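Undergrad: What follows is a single structure, and I will ask about it in a moment.
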Amino acid sequence: MAVDDRLRFEVLGEVRAFRGGLPVDLGPAKQRAVLAVLLLQAGRPVPTHQIVDAVWGDDPPENGANVVQKYVAGLRRALDPDRAPRTPGELLALTGSGYVLRTTDAVVDADQFQAAVKRAAAERAANRPLEAASTLRGAMGLWRGDALAGLGGSVFEAARIRLADARASAWETWAEIGLAQGRAAMIIPELTRLAAEFPLREGLRAQLMLALHQAGRQAEALAVFRDAREYFLDEFGAEPGERMQEAHRKILRSEPAPPPDPVIPAQPGPAQISPAAPPPVLAPVLAPGTAPGLPPAYWRPSNQRASVAEVLFAAVVPLATCTMGSWIYFLYTAVRRRDRAQFITAAVYFLLLVFGVVMFLIDPSGLDEEATGAETLGVFIVLPLAIGAAIHGAVVAVRTGDYERARTLREQARQFAVFDPGRAIEVGIGRPDILSRPFDDGGLVDLNHLGAYELAQALKMPLAQAQQIAADRALRGPFAQPGELISRGLVSERVVRRNAYRLICIPPAAQREPALGSANGPVGSADGSAGAGGQ
């Protein structure tokens, strides 16, 4: 697997640095602050006195230049460990005008965010609003909280306000696309959160009002205006601006929502060209009278339970064979499920059995003699082993019904995503972060729509690695199949293989009703086949 050894700097949250996906120890808080000043002026010399003013403000150290020099030396050791001692720094250099941090060969998340916003603007200008919305959602995934979190002072506060303003503007653009596409119901939850996060952004409040109006919730839309008016009057003694006033007038006049903007189907770019189209997958057979396009909740299988025979087999075999068959059911389950954990369980039971038998044979006693210590130890191993294996096996057998049900649900959810990807996105297939889904997809994970935090949690990977996936998706386009995680150098083959049965890539291009903020690429499993059942 190709590993990106470039430095990665992050300021959209706490100031951090990574190399090859591993965190770099940036030292004490003041040293991080010095790095933040240099990152805000990346590529440009920053005089020492400006660094002192930014980091220490009105309480500078007695010899500020020497303190800055000490912290710069610490940053050089951390960021450029291969540099020979007492040699001029290339990454962090001293010029006649001050210190300069050269990030030409590095990655800065703030630069990635700005590049994604520009890319979204170009996609929108080219009448590709769905791609623009997807790009903007990917850009938002780069944020981990307030920019430059934990750093105080006027310089950092000004930069934080500037970056937050760019973030809010990007959200407004995303919401504007959603309204233009008639997807009001989908963006209302996000707009509600954003209006609270950015209370001074009248654009977000106005968009929330219009979205509620489009969704037929006029009373709630008017309540948003009333609350905003009270807030602005209490805080600033002023009425809401013209944008909110115009939205208010539209609602009072009960103006109908405009028809969705026409969308030109997107053509895949060079970085998004997918491999040969997968073989067609037949749509699932629906019950008579069921309309096509319904989510899997309407055709999910009934709960599958383990058969009584299997539970009895798992519980009786260890006891009937006097522990000799304690490992048999676990081996059977391991082969059936291709479950590594069950292979290990079977091996443990087998080794304990062998150990107990060896204890019986190592020092046998006569028929009329007392049992030896080895035989006693063997008895204390074999008897509990039989009882434990019987109980354990019965529990595993009972849970087999849940396992089979989840596998069936995953298979049907994959088929549904191929049959109608637009509807699949709307109902949340592959989105474990949506708690109120009306159905169970068996635990699928959609690589094209989950944010970095949700990916890290779902796939049990480091957050930094999940953020790299989200950033790559925003810059190079969505994933056509899970195998692209390997070809793009984002994760190892082992990670993809371990999660293959859960991974899915739902595209927007083939949607009958494209969903806002989705991503391109055929629905695929880890081997690139559409609707693959996995486990």
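The values are calculated or read from the model by the stated rules, or taken from the named source; none is laboratory data. The model shown is predicted, which means the values in this text are computed figures rather than measured ones. Here Cβ is always computed from backbone atoms with ideal geometry, including for glycine, and neighbour counts include all displayed protein chains. Accessible surface is based on the protein model in full, side chains and every heavy atom, while ligands, DNA and RNA are left aside. Shrake-Rupley method; radii C 1.70, N 1.55, O 1.52, S 1.80 Å.
Matching residues to (1) assigned to a helix (DSSP H, G or I); (2) under 30 Å from Gly489 (Cβ atoms); (3) modelled with pLDDT under 95:
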residue: Ala17; (1), (2), (3): no, yes, no
residue: Ala33; (1), (2), (3): yes, no, no
residue: Leu39; (1), (2), (3): yes, yes, no
residue: His49; (1), (2), (3): yes, no, yes
residue: Asp58; (1), (2), (3): no, no, yes
residue: Glu62; (1), (2), (3): no, no, yes
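Undergrad: Moving on. Hey, any hits in segment 429-444 for a residue that's surrounded by 18 or more Cβ atoms within 10 Å (Cβ to Cβ), at pLDDT 85 or above and outside any loop (DSSP other than H, G, I, E, B)?
TA: Checking segment 429-444: not a single residue is surrounded by 18 or more Cβ atoms within 10 Å (Cβ to Cβ), at pLDDT 85 or above and outside any loop (DSSP other than H, G, I, E, B).
Undergrad: Residues Ala206, Ala223, Ala196: which one is at pLDDT 90 or above, more than 21 Å from Leu12 (Cα to Cα) and surrounded by fewer than 16 Cβ atoms within 10 Å (Cβ to Cβ)?
TA: On inspection, the qualifying residue turns out to be Ala223.
Undergrad: Go through the residues of segment 152-167 one by one and say whether even a single one is under 20 Å from Gln41 (Cβ atoms), buried (at least 20 other Cβ atoms within 10 Å of the Cβ) and among the polar types (S, T, N, Q).
TA: The answer is no, given that none of the residues of segment 152-167 is under 20 Å from Gln41 (Cβ atoms), buried (at least 20 other Cβ atoms within 10 Å of the Cβ) and among the polar types (S, T, N, Q).
Undergrad: Tell me, yes or no, whether segment 157-178 has at least one residue that is under 27 Å from Ala470 (Cα atoms), touching an Asp or Glu at 6+ places or on another chain (Cβ under 9 Å) and of a type outside the set (A, V, I, L, M, F, W, C).
TA: Yes - at least one qualifying residue is present in segment 157-178.
Undergrad: Using the structure shown, decide if Leu490 is without any contact (Cβ under 8 Å) to a residue 40 or more places away in the chain, within 24 Å of Val24 (Cβ to Cβ), aliphatic (A, V, I, L, M) and not in a helix (DSSP H, G or I).
TA: yes
Undergrad: Next question, about the same structure. What number of residues within segment 453-485 satisfy the criterion of being on the phi > 0 side of the Ramachandran plot and surrounded by fewer than 23 Cβ atoms within 10 Å (Cβ to Cβ)?
TA: 1
Undergrad: On to the next question. Using beta carbons and a limit of 7 Å, which pairs, at least six apart or on different chains, have the first residue in segment 135-156 and under 15 Å from Asp472 (Cβ atoms) and the second one outside any loop (DSSP other than H, G, I, E, B) and basic (Lys, Arg)?
TA: Listed pairs, sorted by first residue: Thr135/Arg119; Gly138/Arg473.
Undergrad: Could you list all residues from segment 113-147 that are open to solvent by 10 Å² or more (accessible area, probe 1.4 Å) and of a type in the set (Gly, Ala, Ser)?
TA: Within segment 113-147, Ala115, Ala121, Ala122, Ala125, Ala126, Ser134, Gly141, Gly145 meet the criteria.
Undergrad: Pull out all pairs, ordered by first then second residue, where Cβ-Cβ is under 9 Å, the residues are six or more apart or on different chains, the first lies in segment 182-207 and is over 25 Å from Ala238 (Cβ atoms) and among the acidic types (Asp, Glu), and the second is in a helix (DSSP H, G or I) and open to solvent by 70 Å² or more (accessible area, probe 1.4 Å).
TA: Qualifying pairs under 9 Å: none.
Undergrad: Surrounded by fewer than 12 Cβ atoms within 10 Å (Cβ to Cβ) and in contact with a Ser or Thr (Cβ under 8 Å, 6 or more places away or on another chain): which single residue out of Gly64, Gly43 fits that description?
TA: Residue meeting the stated conditions: Gly43.
Undergrad: Ok, one more. From the list Arg32, Arg83, Arg102, Arg77, pick out the single residue that is open to solvent by 30 Å² or more (accessible area, probe 1.4 Å) and in contact with a strand residue (DSSP E or B) (Cβ under 8 Å, 6 or more places away or on another chain).
TA: Exactly one of Arg32, Arg83, Arg102, Arg77 is open to solvent by 30 Å² or more (accessible area, probe 1.4 Å) and in contact with a strand residue (DSSP E or B) (Cβ under 8 Å, 6 or more places away or on another chain), namely Arg102.
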